[in-house]
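First up is the structure itself, then whatever we jot down about it.
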Amino acid sequence: MIYFDNVSKSYQDGTVALNGVTLSIKQGEFVSIVGHSGAGKTTLVKLLLGEDNPTTGSVSFDSVNIKKIKAKDMPELRRRIGVIFQDFRLLPNKTAYENVAFAMEVAGKADEEIASDVPHVLELVDLTKKMWNFPRQLSGGELQRVAIARAIVNQPDLIIADEPTGNLDPINTYEIVQILKKINDMGTTVILTTHNKGVVEALGKRVITMDHGRIIRDDSTGKYAL
Amino acid sequence: MYNIMFWTTIKRIIKAGFISFWRNGSVSLSAVFVMIVALFMIASTLLITAFLGTALKDLQDKIDINIYVDEKATEPAILSLKEKIEILPEVKSVSYISREQALENFRIRHENDHRIIQALDEIGDNPLPATLTIKAKEPSQYEGISNFLSNKSELSAGSTLSIVSKVNYNDNKVAIDRLSKIIIGVKKLGGIITAMMIGISILITFNTIRLAIFIARDEIGVMRLVGGSNEYVRGPFVVEGILYGLVAAFLTLILFYPVTYWLKNTTQVFYGGVDLLHYFVANFVQIFVIIILSGIALGAVSSYLAVRKYLTSK
């Protein structure tokens, strides 16, 4: 489903973020990518979302080279990928409901579908009571659950969670990971970047370890090995 | 199906624009205030130049050349002279006022002044000459007409053939010249000032909206990440810009009434007073349309351009 073919990324100031990364991820997998800050995890995510292009090599999603997708077709790709960030990235002037609904609106879903799916997804992340609250009225864990609801509401093929638990306490971290696991159980591919050892070990799924822009380990039922 | 989706999208964009306008209250308020200033500038320059235009036109209408015809002249001779002047290309109109008519006009004008009427009655005879009043198409053409008149021997005062006793052009020449210069100058200056004011207003508005959108740049990033197309991300901002413009335009028009009213009262001391209020009320529909459209265009174009900056990358 996802294929990184000998991908390198270096920036103008000479920093090498990725160095000859080759990697493939199959449909339905749950892959954790671990590594220190600056190991290249976020760059990997950016290339996958088409926010940045690789210097050499290619990244493909369902056999389509992301670099070759035209700007006007980019939104199409992004609607097939749900993204969750450490800093939540919710729209501050929209309620929890509207934030989730927005993802469906841009995907061109009908009003009736939005009205029935959004409450359902918010129920899934246990936020029914806070549906009409604005982001500023929610806690970190709640914000991240809104972000997850937004990421899954269009039933994407892939969920990318970039350090989703970085700002959360252990209890919220546990809950978020459980939700991600549930999503994966329903068949969605999940890519999780983290440096939380506990999370990775509890999952017992494939772990890719990165360091200085290279993949140094790839274990099918991996451990956190840094 | 495609069509339904299109209208749903339009509806969503408009709704999002309204909600955003309302929820970003303080940003909207300041943008509206700046736009009021901008639109006020546009409206007042338009109003003042238009007003000056009509005022100058009134003045221009007051310029004329009067030919006072000799008492001995017969009416057919006067009328043939009138025809000769009328063929000149520069002449707009020539009106003939007979001695009787002149006397009647004089009486009407001075009907409240008993001493003058008394004096007139005492003379017994009609002391007023018949006149031909010439109006030119342009103020600058009076000189040419006057030259033409003085070169025709039958027209020039004092000649034996002449039926003309006096042409008053030379008396008015200085005033006419000066007025022509002022009219041309004011027209030019008015055009330059209008263009400058409109330019400044556009700049101020554009920068304010750019700041408002700069505040929302992270949101634009999020919208795109969730899969919003450029049109869908930009749409609500453009709607918001249009709303700034509409609200500002209405407030500007409401503000204009008391301002022109005040201006009228405070300038009453001058001769005639600057009655912008009358002009404002008389041309309200036109001013309304111009201000509303300028507001909408300013808001929409500024927002469109300001968002574009954040939509260039993939």
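A compact table of results
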{"item": "Burial ranking of peptide ranges A:204-211, B:136-143 (average Cβ count within 10 Å, highest at the top)", "result": "A:204-211, B:136-143"}
{"item": "Accessible surface of chain A, 1.4 Å probe, proportion on carbon and sulfur as whole %", "result": "47 percent"}
{"item": "Cα-based helix-to-principal-axis angle, A:96-106 vs chain A, degrees rounded to 10", "result": "60 degrees"}
{"item": "Dipole magnitude (debye, nearest 20) for the stretch B:1-133, charges at Cβ of Lys, Arg, Asp, Glu", "result": "1760 debye"}
{"item": "Diffusion coefficient, µm² s⁻¹, Stokes-Einstein with Kirkwood Rh over alpha-carbon pairs of the stretch A:72-113 at 4 °C and 1.567 mPa s", "result": "112 µm²/s"}
{"item": "Span-rule helices in chain B, defined as complete DSSP H runs reaching 30 Å or more along the axis (Cα) with Kyte mean at least 1.0", "result": "B:25-62, B:169-215, B:284-308"}
{"item": "Cα convex hull volume per residue for the protein assembly as shown (Å³)", "result": "238 Å³"}
{"item": "Whole-percent pair-distance distribution, where bins are 10 Å wide, for the alpha carbons of the stretch A:25-101", "result": "14, 42, 34, 10, 0"}
{"item": "Equivalent-ellipsoid semi-axes of the stretch A:78-164, from the Cα gyration tensor, Å, largest first", "result": "17, 16, 11"}
{"item": "Computed P(r) (all Cα pairs; chain A; 10 Å bins; percent)", "result": "8, 33, 36, 20, 3, 0"}
{"item": "Over chain B, relative contact order from alpha-carbon pairs under 8 Å, at least 6 apart, %", "result": "28 percent"}
{"item": "Spatially proximal lysines relative to A:Lys182 (Cα-Cα < 18 Å; intrachain offsets below 8 disregarded)", "result": "A:Lys26, A:Lys205"}
{"item": "Average Cα contact separation per residue, the stretch A:1-61, under 8 Å, 6 or more apart, as relative contact order %", "result": "46 percent"}
{"item": "Inverse mean reciprocal Cα-Cα distance (Kirkwood Rh) of chain B, Å", "result": "25.0 Å"}
{"item": "Relative contact order of chain A, pairs being alpha-carbon contacts under 8 Å that are 6 or more residues apart, as %", "result": "29 percent"}
{"item": "The stretch A:14-63: translational diffusion in µm²/s, Stokes-Einstein, Kirkwood Rh over Cα pairs, 20 °C, 1.002 mPa s", "result": "176 µm²/s"}
{"item": "Selected from A:Gln178, B:Ala306, B:Val37, residue furthest toward positive end of dipole (the protein assembly as shown; charges at beta carbon)", "result": "A:Gln178"}
{"item": "Anchor A:Lys130: lysines whose Cα lies under 20 Å away (excluding residues fewer than 8 positions away in-chain)", "result": "A:Lys94"}
{"item": "Convex hull per residue volume in Å³, alpha carbons only, for the stretch B:10-60", "result": "82 Å³"}
{"item": "A:Val199 accessible area, assembled protein chains, probe 1.4 Å, Å²", "result": "10 Å²"}
{"item": "Stokes-Einstein D for the stretch B:202-314, Kirkwood Rh over Cα pairs, 25 °C, 0.890 mPa s (µm²/s)", "result": "152 µm²/s"}
{"item": "Members of B:Lys92/B:Lys188; A:Lys70/A:Lys109; B:Lys137/B:Lys181 lying beyond 19 Å, as alpha-carbon distances in this model show", "result": "B:Lys92/B:Lys188; A:Lys70/A:Lys109"}
{"item": "Rounded to the nearest 20 debye, dipole of chain A from Cβ charges on Lys, Arg, Asp, Glu", "result": "360 debye"}
{"item": "Rounded accessible area per residue of the protein assembly as shown, 1.4 Å, Å²", "result": "52 Å²"}
{"item": "Qualifying aspartates and glutamates (Cα of each under 16 Å from Cα of B:Lys84; at least 8 residues distant if same chain)", "result": "B:Glu75, B:Glu154"}
{"item": "Across A:Lys46/B:Lys15; A:Lys129/A:Lys181; A:Lys68/B:Lys309, pairs whose alpha-carbon gap is larger than 26 Å", "result": "A:Lys46/B:Lys15"}
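The values are calculated or read from the model by the stated rules, or taken from the named source; none is laboratory data. On a predicted model such as this, the values are computed, not experimentally measured, just so you know. For neighbour counting, all protein chains shown are included, and Cβ atoms are generated from backbone atoms with ideal geometry for every residue, glycine included. Note: areas computed on protein heavy atoms with side chains; ligands, DNA, RNA excluded. Shrake-Rupley method; radii C 1.70, N 1.55, O 1.52, S 1.80 Å.
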